[in-house]
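J.: Quick one: the structure is below, questions incoming.
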Amino acid sequence: MTDKLFQVIAEALNKPPLPYDPGRQSFKQWVMYCLRDRGFIISYAQNADFALEQKGRDKIYFQVASNLEDVKAGKSAWIVWDSAAKMITVTPPQDS
């Protein structure tokens, strides 16, 4: 189920309602907008950029980055913007 969820998130971000424009909005705000547009419940997270809530399940915490080198293993999932390829990668949490 979780793999399917991350596929849906990746699809929502790679086929967005509005294209990402770094000059107009932050990547984090754009990601949260796209996910909310698809019906995801986004909430505040103290130790991550935001959390995605699911009924009857634990929250999934997300970090966003514009550089793959910023990704660190841990309890947060990552959403990374590749500006060269103009693609977004979604990585599930990698508990270390």
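J.: Here is a list: L68, L35, L13. Which entry is of a type in the set (A, V, I, L, M), within 20 Å of P93 (Cβ to Cβ) and touching a residue at least 40 places away in the same chain (Cβ under 8 Å)?
T.: When all the criteria are applied, what remains is L13.
J.: Restricting the search to the range 71-96, which residues are touching a residue at least 24 places away in the same chain (Cβ under 8 Å), out of contact with any Ser or Thr (no Cβ under 8 Å at 6 or more places or on another chain) and of a type in the set (A, V, I, L, M)?
T.: Correct list: M87, I88, V90.
J.: So which residues in the range 84-96 are hydrophobic (A, V, I, L, M, F, W, C), part of a strand (DSSP E or B) and out of contact with any helix residue (DSSP H, G or I) (no Cβ under 6 Å at 6 or more places or on another chain)? Give the steps one after another, and end with the answer.
T.: Filtering the range 84-96 for residues hydrophobic (A, V, I, L, M, F, W, C) gives 84-85, 87-88, 90.
The next check asks that each one be part of a strand (DSSP E or B); those that pass are 87-88, 90.
Within the range 84-96, M87 is the sole residue that qualifies.
J.: Let me ask something additional. If you check P22 against the conditions, is it touching a Cys at 6+ places or on another chain (Cβ under 6 Å) and either on the phi < 0 side of the Ramachandran plot or part of a loop (DSSP other than H, G, I, E, B) (or both)? Steps first, answer last, please.
T.: Details: touching a Cys at 6+ places or on another chain (Cβ under 6 Å): no; either on the phi < 0 side of the Ramachandran plot or part of a loop (DSSP other than H, G, I, E, B) (or both): yes.
No.
J.: A follow-up question, please. Starting from residues that are among the charged types (D, E, K, R) and under 19 Å from S76 (Cβ atoms), keep the ones in the range 1-35 and report whichever is modelled with the highest pLDDT.
T.: K28
J.: Can G39 be described as surrounded by fewer than 17 Cβ atoms within 10 Å (Cβ to Cβ) and either at positive phi or part of a strand (DSSP E or B) (or both)?
T.: Numbers: surrounded by fewer than 17 Cβ atoms within 10 Å (Cβ to Cβ): yes; either at positive phi or part of a strand (DSSP E or B) (or both): yes.
Considered against the rule, which asks whether it is surrounded by fewer than 17 Cβ atoms within 10 Å (Cβ to Cβ) and either at positive phi or part of a strand (DSSP E or B) (or both), G39 comes out as yes.
J.: Give me the residue from the range 5-27 that is closer than 13 Å to L52 by Cβ and of a type outside the set (G, A, S) and, out of that set, surrounded by the fewest Cβ atoms within 10 Å (Cβ to Cβ).
T.: Per the criteria, the residue is V8.
J.: Tally time: how many residues in the range 58-83 are part of a loop (DSSP other than H, G, I, E, B), modelled with pLDDT of 85 or more and either surrounded by fewer than 16 Cβ atoms within 10 Å (Cβ to Cβ) or more than 12 Å from the chain's Cα centre (by Cα) (or both)?
T.: Number of matching residues: 4.
The values are calculated or read from the model by the stated rules, or taken from the named source; none is laboratory data. As the structure is a computational prediction, the values presented were derived from the model and not from experiment. Heads up, the Cβs are rebuilt from the backbone with ideal geometry, glycines too, and the neighbour counts pull from every protein chain shown.
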